[in-house]
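The values are calculated or read from the model by the stated rules, or taken from the named source; none is laboratory data. As the structure is a computational prediction, the values presented were derived from the model and not from experiment. Here the Cβ positions follow ideal geometry from the backbone for every residue, glycine too, while neighbour counts run over all protein chains shown.
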Amino acid sequence: MTLFEHDRKGRMQREAPLAARMRPSNFDEFVGQEHIVGPGRVLRKSIEADQVPSIILWGPPGSGKTTLAYLIAGATRSHVSAVSAVTAGVADLRKIVVEAKEQRGMHGQRTILFVDEIHRFNKAQQDVILPHVEEGTVTFIGATTENPSFEVIAPLLSRCRVFTLKLLTSDEIQTIVERALHNSERGLAGFNPVLDPESLEHLVAQANGDARVALNALELAVVSVDPDASGVRRISLATIEDAMQQRALLYDKAGDQHYDTISAFIKSLRGSDPDAAIYWLCRMIEAGEDPLFIARRLVILAAEDVGMADPQALPVAVAAQQAVHFVGMPEGAIPLAQATVYLATAPKSNSAYAALGKAMDDVRRTRNDPVPLHLRNPVTGMMKEMDYGKDYKYSHTYPGHFAPMQNLPNSLKGRRYYEPSNQGYEQTVARRLKEWWDEWRKREGR
């Protein structure tokens, strides 16, 4: 490397964002993910032995996926080719494969292909990688924030070990921040920054487990503050709040966070926990979730999980959907909150939903017998002659407006689908059904 190139590289490193400058250079500096790279763990041992298999690193932003890939690259004797799926294409991948074959043939050296944001590669691009991973031409390392089982083609996924990285804890984020504050070579120590405990606590909390967010906000806060007479830059809570602006919620409208959060919302409602339900509702609203999607799920839950225990639940949910559609956001959050509290605190019964499932199973599993004659309308003389409507009992002409008949096909005679629970209004339904049948049996002398 020439002197000019050395100076240029050094300048680029100094001008890189703090998060890039503070990237760990060895495992002693790496914070978090002890469950996969702690001493004695399989991945850590394979890295130290330079026997890294093809792997996929899956985890939330700022959890250390790219850093871990760089540590692997630094620890291996293999040639490393790194690309980002955001900018690379098929031509880039084929060029790397050609170079990998040359490295293997001329120098006996293996090649590691690191693809950041692998979920952004389409199926055709992933297909290009597959045969060369299978043949061992390259060792593949992919990094992704999305669920690999959805975003990585099955043949490639089956040839990789998936390691799941966890969201960094507050203590781990604080360790990373404090290292940056006290590091004079790559960090911010040269600025003489001082963070009071309240500012540090807010920075850590608002980073939401993302080290990159924490470091970028810290750097912005430090460089924006003028030093005092003693050369110290005192970072106040107001400065940190200004640098953070708004908490970047970990959420995606089509990926795991979307499905995990709505699942937490629905299960909190079903579990009659209004506090948790409201919290998850706010998480979705704050992250920009489609409010009509939330409303649709409320309507489904009202019928599926509250059901006949409170028949007003469905009108309340539908009214919330109509209100959101009518007034829009942010005011639409208010009827969503009201419906959420109503459904969470309503008695629960899935008897109607269970009846639907049992009846649907019989419809699909048993033969489609004809409708019993007494239930058919004799709209023509010929139909009347064929006994359409014969022996039909018009309920309103009987005491209690109740007249039992066999209304199911003969093959399903006596089948019970709806079993009322003892919850809420459904107790009234159960009592009414029992009273009807008791009165009829009494009249019939049974």
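Before moving on, here are some points about what is shown:
- The set of residues in region 174-220 that are under 25 Å from the mean Cα position of the chain (by Cα) and either assigned by TED's automatic domain parsing to the domain that holds Thr145 or within 15 Å of Ser236 (Cβ to Cβ) (or both) comprises Leu203, Gln206.
- Every pair of residues 6+ apart whose Cβ atoms lie under 6 Å, when the first sits in region 421-446 and is at positive phi while the second is part of a helix (DSSP H, G or I): Gly424/Ala309
- Flag if Val316 is modelled with pLDDT of 95 or more, outside the structural domain of Tyr417 (by TED's automatic domain parsing), surrounded by fewer than 19 Cβ atoms within 10 Å (Cβ to Cβ) and assigned to a helix (DSSP H, G or I): no
- Counting residues in region 74-84 that are out of contact with any strand residue (DSSP E or B) (no Cβ under 9 Å at 6 or more places or on another chain) and at pLDDT below 85 gives one or more.
Table: residues versus (1) assigned to a strand (DSSP E or B); (2) at pLDDT 90 or above.
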position: Arg14; (1), (2): no, no
position: Phe27; (1), (2): no, no
position: Val31; (1), (2): no, yes
position: His35; (1), (2): no, yes
position: Pro39; (1), (2): no, no
position: Ile47; (1), (2): no, no
position: Gln51; (1), (2): no, no
position: Leu57; (1), (2): yes, yes
position: Gly62; (1), (2): no, no
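- Check on Pro420, in contact with a Gly (Cβ under 9 Å, 6 or more places away or on another chain) and either surrounded by 15 or more Cβ atoms within 10 Å (Cβ to Cβ) or at pLDDT below 90 (or both): no
- Wholly within region 136-206, strands (runs of 3 or more DSSP E) carrying at least 3 residues that are out of contact with any Ser or Thr (no Cβ under 8 Å at 6 or more places or on another chain) and not polar (S, T, N, Q): 193-195
- Every pair of residues 6+ apart whose Cβ atoms lie under 9 Å, when the first sits in region 398-412 and is closer than 14 Å to Pro370 by Cβ and modelled with pLDDT of 90 or more while the second is surrounded by 12 or more Cβ atoms within 10 Å (Cβ to Cβ) and acidic (Asp, Glu): Leu412/Asp362
- Residue in region 257-264 that is closer than 19 Å to Leu18 by Cβ and at pLDDT below 90 present: no
- In region 184-195, the residues that are farther than 15 Å from Ser230 by Cβ reach residues that are among the charged types (D, E, K, R) and outside any loop (DSSP other than H, G, I, E, B) with C-beta atoms within less than 6 angstrom, at least six apart or across chains, in these pairs: Arg186/Arg21.
- Taking region 268-324 as the range and being among the basic types (Lys, Arg) and within 15 Å of Ala337 (Cβ to Cβ) as the test, the residues that pass are Arg283, Arg297.
- Restricting the first member to region 280-296 and to residues that are closer than 12 Å to Ile266 by Cβ, and the second to residues that are hydroxyl-bearing (Ser, Thr, Tyr) and surrounded by fewer than 22 Cβ atoms within 10 Å (Cβ to Cβ), the beta-carbon pairs closer than 7 Å and six or more apart or on different chains are Trp280/Thr261; Trp280/Ser268; Met284/Thr261.
- Verdict on Ile240 being more than 11 Å from Gln174 (Cα to Cα), touching a His at 6+ places or on another chain (Cβ under 6 Å) and not assigned by TED's automatic domain parsing to the domain that holds Pro61: yes
- Under the condition of being more than 25 Å from Ser395 (Cβ to Cβ), assigned by TED's automatic domain parsing to the domain that holds Ser411 and either among the hydrophobic types (A, V, I, L, M, F, W, C) or surrounded by 11 or more Cβ atoms within 10 Å (Cβ to Cβ) (or both), the residues counted in region 363-384 number 1.
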